[in-house]
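Enquirer: My questions will all concern the structure given below.
The values are calculated or read from the model by the stated rules, or taken from the named source; none is laboratory data. Keep in mind that what you see is a predicted model, and the values were worked out from it rather than measured. FYI the Cβ positions are ideal-geometry reconstructions off the backbone, even for glycines, and counts take in every protein chain you see. Accessible surface is based on the protein model in full, side chains and every heavy atom, while ligands, DNA and RNA are left aside. Shrake-Rupley method; radii C 1.70, N 1.55, O 1.52, S 1.80 Å.
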Amino acid sequence: MEIARLTIPQILEGLRRRQFRAVELASQALRFAQAENPKTNAYLHFCPERAIAAARKVDEAVEQGQPLGPLAGVPVAVKDVILTKGVRTTAGSRLLANYIPPYDATAVVRLEEAGAVILGKTNCDEFAMGSSNENSAFGAVRNPVDPERVPGGSSGGSGAAVAQGTAVVALGSDTGGSIRQPASFCGVVGITPTYGRVSRYGLIAFASSLDRIGPFARNVRDAAVLLGVIAGRDERDATSAFAPVPDYTAQLEGGVRGVRVGLPREYFRDLSSETGERILRGVETLKKLGCEISDVSLPTTDYAIACYYILCTAEASSNLARYDGVRYTMRSKEASTLIDMYRNTRGEGFGAECKRRIMLGTYVLSAGYYDAYYLKAQKVRTLVARDFAQAFEKVDAIVAPVSPFPAFKLGEKIADPLEMYLSDIYTITGSLAGLPCMSVPCGRTASGLPVGMQILTRHFDELGMLRLAYAFEQAGGPEA
Ligand code: GLN
């Protein structure tokens, strides 16, 4: 059995026909993932007992002829910012190196109710801050396509695990691009659902008004299955939406003839030529499929990076205040007073990027600067959202690159935080506007590096986005 290539429908079919048992699949998947993991460092830890227990339940259901859940027996990886009861959850931080959550995130509960088998927790940038996974306290992740290169971040472990075949699908989180960018760098599908579509209950907070949980998969259909399972109102997250969740997989094949696709002019200016060339070829495929292509403009794009890095650091500085050495975290041994204990715990526990963002966030929220920075950035955020709203009066979907360049080398950008921030230019706008957005593989560069095409649609129109991605994938991507 080629675990590395299995799809969700193949797993369900195999279980129904009794070609294999879920427990067999789970133990093979665990063995395979553990053996392959040193190549990428995608997983931080495995949870074999939990995996086998979940698989056993699936086997019992098969034996008793009960209906199987949509993820029955499917080996899943979960980013280590998403809480798993009794299974260590670190957020890639030294501070939480030994944190064992007392409850599960809603997304995790829903996965297991659907029959999923969680294999383990994946590596990520500390508190999901980064674009390369190099900010993890537990070592960088290598891109399975080229081990000299980063897998993207912050959900680098989830992207790498799915690309490497050590999980069939995975959960990641996206605040400013952390699902789409690693999906693009690793050559897999990554979906950032509409803000509010998936409950954030049990997601370790980075910037609460931007954070979202979403799927990674090797094909659009599998990603759609996973999204259908985790989406929907949850009374434990007041920002989760009441919007009904359509049956995504049942409606994937509707075709895309007549769908109006907009290309934002501002996104095609500063691309590496190879990335631009791949995306434009992808657009040719959409044309052949019957989409109507036109230009749109998102004029506030130039301000998006500044706006995002004010808002996300402001929110982070507040969210990260809870890691004080009293609750959750490790505690510094070097302290004789309470204040020293706070200081030393945070000083020893947080990595450089978190400290940078806490300082920046505290600064932009401080009394003298609040109006000049935080409030101004909130207004710019509204303008970014308005740009999209105007574009969506003319078109049904927006197609753009995910990143200006493909996966870069480990160490290439880590010394220059500003350079690293600039790599988020095309993902951050969709994040600020709360729109559904995704990355779908769009061929490779001459040197074999994956390129991802970004698709954005109106709020809660994940179905329109998935249909476009599915039609594109089925047509053969940019090579159609
Ligand atoms: N790269 C962006 C950042 O560092 C996005 C991270 C994310 O989406 N979690 O903030």
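Enquirer: Tell me, what is the per residue accessible area of segment 389-480 in Å², probe radius 1.4 Å?
Expert: On the way: 2970 Å² over 92 residues.
Spelled out: the 1.4 Å probe surface of segment 389-480, per residue, equals 32 Å².
Enquirer: Now, a different point. Just the number, please: carbon plus sulfur as a percent of the accessible area of segment 351-480, 1.4 Å probe, no ligands or DNA/RNA counted.
Expert: With neighbouring chains kept in place, the figure for segment 351-480 is 59 percent.
Enquirer: Note the full-extension length gain between residue 235 and residue 18 as 0.36 nm times their separation in residues minus their Cα-Cα distance, in nm to one decimal.
Expert: That works out to 74.3 nm of additional length.
Enquirer: Computing the accessible area with a 1.4 Å probe over protein heavy atoms, can you report the carbon and sulfur percentage for segment 45-147?
Expert: Carbon and sulfur together cover 50 percent of it.
Enquirer: Taking 0.36 nm per residue of separation and subtracting the Cα-Cα distance, what length does fully extending residue 242 through residue 419 add?
Expert: My answer for the length gained is 59.8 nm.
Enquirer: Only sites in a loop by DSSP and with at most 13 other Cβ atoms within 10 Å count here; which chymotrypsin sites (Phe, Trp or Tyr not before Pro) in segment 375-480 make the cut? Walk me through the numbers on the way to the answer.
Expert: Details: sites: 388, 392, 408, 421, 426, 460, 470, 472; in loops: 408, 426, 460.
Here no chymotrypsin sites (Phe, Trp or Tyr not before Pro) fit, given the DSSP loop and packing criteria.
Enquirer: Among 361, 45, 261, whose Cα lies farthest out toward the positive end of the dipole of the chain, if unit charges sit on the beta carbon of Lys, Arg (+1) and Asp, Glu (-1)?
Expert: 45
Enquirer: Here is a follow-up. Can you work out the accessible area per residue across segment 256-324, with the rest of the protein chains kept in place, probe 1.4 Å, in square angstrom?
Expert: That works out to 42 Å² per residue.
Enquirer: Once Rh for segment 377-480 is found with the Kirkwood sum over Cα pairs, what is the Stokes-Einstein diffusion coefficient at 20 °C and 1.002 mPa s, in µm²/s?
Expert: The diffusion coefficient I find is 141 µm²/s.
Enquirer: Could you give the length gained on full extension between residue 405 and residue 292, defined as 0.36 nm per residue of separation minus the Cα-Cα distance, in nm? Could you put the intermediate results ahead of the total?
Expert: Values: separation 113, 0.36 × 113 = 40.68 nm, distance 2.65 nm.
Result for the pair: 38.0 nm of gain on full extension.
Enquirer: With a cut-off of 8 Å between alpha carbons and a minimum separation of six or more residues, what is the relative contact order of the chain in percent?
Expert: Rounded, it is 17 percent for the chain.
Enquirer: Sorted by mean Cβ packing within 10 Å, highest first, what order do the peptides 217-224, 69-76 take?
Expert: 69-76, 217-224
Enquirer: So which aspartates and glutamates pass the test for residue 409, namely a Cα distance under 13 Å, with those fewer than 8 places away in the same chain ruled out?
Expert: Within the straight-line limit of under 13 Å, residue 409 reaches these aspartates and glutamates: 134, 146, 148.
Enquirer: While we're on this one: What size of dipole, in debye to the nearest 20, comes out for segment 285-336 about its Cα centre when the only charges are +1 on Lys and Arg C-beta atoms and -1 on Asp and Glu C-beta atoms? If you can, show how the numbers build up before the last one.
Expert: Working: 6 positive and 6 negative charges, 74 e Å.
Once rounded to the nearest 20, the dipole reads 360 debye.
Enquirer: Now for a different question. Just to compare against my own numbers: the Cα pair-distance distribution for the chain, 20 Å bins, whole % per bin, please.
Expert: Answer for the chain: a P(r) of 26, 59, 15, 0 percent.
Enquirer: Let me ask something else. Pairs 355/413; 39/355; 333/355: which are spaced more than 22 Å apart, C-alpha to C-alpha?
Expert: Check vs 22 Å cut-off fails for 39/355.
Enquirer: Further question: Quick one: if you stick a label point 7 Å off each Cα along the C-beta vector at residue 318 and residue 352, how many nm between them?
Expert: 2.9
Enquirer: With θ taken as phi - 60° and the coefficients 6.51, -1.76 and 1.60, list the Karplus ³J(HN,Hα) couplings across segment 214-221 in order, rounded to whole Hz; mark glycine and proline as x.
Expert: Values per residue, Gly and Pro as x: x, x, 10, 7, 8, 8, 5, 4 Hz.
Enquirer: Once Rh for segment 174-279 is found with the Kirkwood sum over Cα pairs, what is the Stokes-Einstein diffusion coefficient at 10 °C and 1.306 mPa s, in µm²/s?
Expert: 101
Enquirer: Ok, one more. Rounded to the nearest 0.05, what FRET efficiency do residue 331 and residue 389 have when you use their Cβ-Cβ distance and R0 = 56 Å?
Expert: E between residue 331 and residue 389, to the nearest 0.05, is 0.75.
Enquirer: What number, in percent, do you get for the relative contact order of segment 136-232 if the mean sequence gap of Cα pairs under 8 Å and at least 6 apart is divided by its residue count? List each step's numbers first, then the result.
Expert: Details: 189 pairs, mean separation 25.5, N = 97.
For segment 136-232, the relative contact order is 26 percent.
Enquirer: Tell me, what is the per residue accessible area of segment 42-88 in Å², probe radius 1.4 Å?
Expert: Result: 40 Å² per residue.
Enquirer: Hey, another quick one. Cα to Cα, under 15 Å, and not fewer than 8 places away if on the same chain: which aspartates and glutamates meet these conditions relative to residue 394?
Expert: In chain and number order, the partners are 292, 295.
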